[in-house]
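Visitor: Next up is a structure, given as structure tokens.
The values are calculated or read from the model by the stated rules, or taken from the named source; none is laboratory data. Because the structure is a prediction, the values reported are computed rather than measured. Quick reminder, even Gly has a Cβ in these numbers, built from the backbone with ideal geometry, and neighbours come from all protein chains shown. When the accessible area is computed, the model is the full protein with side chains, heavy atoms only, and any ligands, DNA or RNA have been set aside. Shrake-Rupley method; radii C 1.70, N 1.55, O 1.52, S 1.80 Å.
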Amino acid sequence: LLNDFTKELGPINKTADLLNLKAKYIGKQGPLADVMKNLKDATPEEKRTIGAKANELKQQIEALFSQKMQEIELADINASLEKDKIDISLTDSMLEKGLQAAGYHPVTIIQQEIEDIFISMGFEVLDGPHIEDDYHNFEALNIPATHPARDMQDTFWFADKKHLLRTHTSTIQVRGMKERKPPFRFVGPGKVFRCERTDASHEMVFHQLEGMMVGENVSVGNLIYFMKTLLTEIFKKEVEVRLRPGFFPFVEPGFELDIKCLICGGKGCSVCKQVGWVELLPCGMVHPNVLKAGGIDPEKYNGFAFGLGLDRLVMMRYGIDDIRHLHGADLRFNSQFKSF
Ligand code: FA5
């Protein structure tokens, strides 16, 4: 019996087969069980010798079984280690095959640079949700339901007519004010969404970077100082800008800061719509109603805010002549940019 068992055991390499084999030889229906059953008719002498022999055989089979079981388990573990092996040299082998390591998108590169510039000037960096409500996108920013300024931003509304994809990062002003006490200063970068026709300088999904500073005696002079510092740090050279009055319900007075188009040098092209200047950085002194909505006393405090068009800044910095390249997901385009 032991010989037969050993012969059958040899080729087995699966746990289930092994268990079946064990049951076949020493299970309740197996030959050993039969021997034990028949022992009741045997003489006491036979019982002792046959019983002892049968037990010995059972133990031998169990020992061989356990040994085989360990072998199978070890083989299973090795097989799964081999299959799930982590190749820590993957980057090198990717490069050998001519694949490129990932890099940052130009918008991310510039966004991180601007965040660093503002952090070094004592600003916090805040985030805000893409899905907003009417209150944070319009109401709290002094844009009531009937205000004509709502037409300035074509809005993607949700079916419930209560929620929308934020049309500007000014929503971050509202949340930022409520959560802190003056004096404070913060920036808030992120994606914004507008139902617009696209062209060389307009996208439906683009990026802005909001900025806000609130305290006692904040002036237009402070605003201009921070805007100038930002532009010199980003371009690392003098760039021509112009400041003109601009209307936004959430600031008073409001300004449009335009940059001389760096694609055509001001001669006129599709990016600047042939006028030679690109709208880049609208800004102004925060309207008292907005301060009130943020829980701030406008008699005691004032402040400035701005909303930088990040994609257009990226275009000016790298000389990109169409905003749609930024969203084309073309690796040939994306992989050209290195952080300065
Ligand atoms: C605003 O969105 C205001 N929230 C900005 C602001 C903040 C003003 C704080 C005052 C105080 P505007 O709609 O002009 O303003 O957009 C701001 C900038 O985003 C523009 O100057 C432009 O650079 C960029 N921009 C606007 N529309 C698009 C578009 N469709 N594609 C790419 N960039 C755009």
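Visitor: Exactly one of these conditions fails for Val275: (1) more than 8 Å from the ligand (Cβ to nearest atom); (2) hydrophobic (A, V, I, L, M, F, W, C); (3) under 26 Å from Ser201 (Cα atoms); (4) open to solvent by less than 20 Å² (accessible area, probe 1.4 Å). Give me its number.
Guide: For Val275, the exception is condition (4).
Visitor: Hey, could you check region 305-340 for residues that are polar (S, T, N, Q) and in a loop (DSSP other than H, G, I, E, B) and say which is most open to solvent (accessible area, probe 1.4 Å)?
Guide: First, pick out the residues of region 305-340 that are polar (S, T, N, Q): 334-336, 339.
Checking the rest, the ones that are also in a loop (DSSP other than H, G, I, E, B) come to 335-336, 339.
On the way: Ser335: 50, Gln336: 119, Ser339: 84 Å².
In this case the residue turns out to be Gln336.
Visitor: Quick check on this structure: which one of Leu32, Leu81, Leu39, Leu57 is in a helix (DSSP H, G or I), within 60 Å of the chain's Cα centre (by Cα) and either surrounded by 10 or more Cβ atoms within 10 Å (Cβ to Cβ) or of a type in the set (A, V, I, L, M) (or both)?
Guide: Numbers: Leu32 fails: within 60 Å of the chain's Cα centre (by Cα); Leu39 fails: within 60 Å of the chain's Cα centre (by Cα); Leu57 fails: within 60 Å of the chain's Cα centre (by Cα).
Step by step, each of Leu32, Leu81, Leu39, Leu57 is checked, and only Leu81 is in a helix (DSSP H, G or I), within 60 Å of the chain's Cα centre (by Cα) and either surrounded by 10 or more Cβ atoms within 10 Å (Cβ to Cβ) or of a type in the set (A, V, I, L, M) (or both).
Visitor: Looking at Gly190, Gly221, which one is more than 9 Å from the ligand (Cβ to nearest atom) and modelled with pLDDT under 95? Give the steps one after another, and end with the answer.
Guide: Values: Gly190 fails: modelled with pLDDT under 95.
From the options Gly190, Gly221, the qualifying one is Gly221.
Visitor: Here's another thing I want to ask about it. Out of curiosity, is Lys300 within 14 Å of the ligand (Cβ to nearest atom), assigned to a loop (DSSP other than H, G, I, E, B), open to solvent by 10 Å² or more (accessible area, probe 1.4 Å) and charged (D, E, K, R)? Spell out the reasoning first.
Guide: Numbers: within 14 Å of the ligand (Cβ to nearest atom): no; assigned to a loop (DSSP other than H, G, I, E, B): yes; open to solvent by 10 Å² or more (accessible area, probe 1.4 Å): yes; charged (D, E, K, R): yes.
Here the answer is no, as Lys300 does not meet what is asked.
Visitor: Here is a check on your reading of the model: is Ile263 surrounded by 15 or more Cβ atoms within 10 Å (Cβ to Cβ) and either in a loop (DSSP other than H, G, I, E, B) or of a type in the set (S, T, N, Q) (or both)? Give the derivation first.
Guide: Working: surrounded by 15 or more Cβ atoms within 10 Å (Cβ to Cβ): yes; either in a loop (DSSP other than H, G, I, E, B) or of a type in the set (S, T, N, Q) (or both): yes.
Taking the combined requirement at face value, the residue satisfies it.
Visitor: Name the strands (runs of 3 or more DSSP E) wholly within region 175-256 that hold at least 3 residues that are open to solvent by less than 20 Å² (accessible area, probe 1.4 Å) and either acidic (Asp, Glu) or in contact with a Phe, Trp or Tyr (Cβ under 7 Å, 6 or more places away or on another chain) (or both)? If you could, list the steps in order and put the result at the bottom.
Guide: Values: elements: 184-193, 205-215, 241-245.
Ranges flagged: 184-193, 205-215.
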